[in-house]
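The structure under discussion appears below in the form of structure tokens.
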């Protein structure tokens, strides 16, 4: 895709319920700006016009190509502070890693630029489908 195509996609997704269709390798991808909750909007993706909840789990091609990965710490800052009082030896003996993170996937994107980077990184051929 050219820079003009990406600009067109970004402009279409600025309005609520604006949508764009892309062809990413063998997948037909639809992007739509939708309301996520009372105060937030997000760019939601559909593959061949549908979304399946199972794509949010690892092991699916759609997960790798289109879902937004997020990392969350297992322990909150307060919990980390409380655990540190026991000392490093205790934590090592109990196999407690305070820096452990969990990766989960989301069905929407809050930033167009991060969506664009992710699509370019995980798809070889991206084409804009104009109707």
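Every number here is computed from the coordinates shown, using simple stated rules; none is lab data. This structure is a prediction, so every number in the text was calculated from the model and none was measured. Ideal geometry is used to build each Cβ from the backbone, glycine not excepted, and the neighbour counts take in all protein chains shown.
Measuring r between the beta carbons of residue 131 and residue 63 and using R0 = 30 Å, the FRET efficiency lands at 0.65. Between residue 96 and residue 76, full extension at 0.36 nm per residue minus the direct alpha carbon distance yields a gain of 5.8 nm.
Between the helical axis of 112-122 and the longest alpha-carbon principal axis of the chain there is an angle of about 90 degrees. Mean residue ellipticity, 222 nm, helices only, the chain: the sum of -39500 (n - 2.57) across DSSP H runs of n ≥ 4, divided by residue count and rounded to 500, is -8500 deg cm²/dmol. Taken over the C-alpha atoms, segment 24-67 has Rg and Dmax values of 11.3, 35 angstrom.
Which residues among segment 26-44 fall inside the zone where the amide N is under 19 Å from a point 7 Å beyond the Cα of residue 54, along Cα→Cβ? Only 27-28 pass the distance filter.
Legend: ranking of residues 60, 45 from fewest to most surrounding C-beta atoms inside 10 Å; resulting order 60, 45. Computed from the alpha carbon positions, the gyration tensor of the chain leads to an equivalent ellipsoid with semi-axes of 38, 16, 13 Å, biggest first.
Length available on full extension from residue 11 to residue 116: 0.36 nm per residue minus the Cα-Cα distance, which gives 36.5 nm. With contacts taken as Cα pairs under 8 Å and at least 6 residues apart, the chain reaches a relative contact order of 29 percent.
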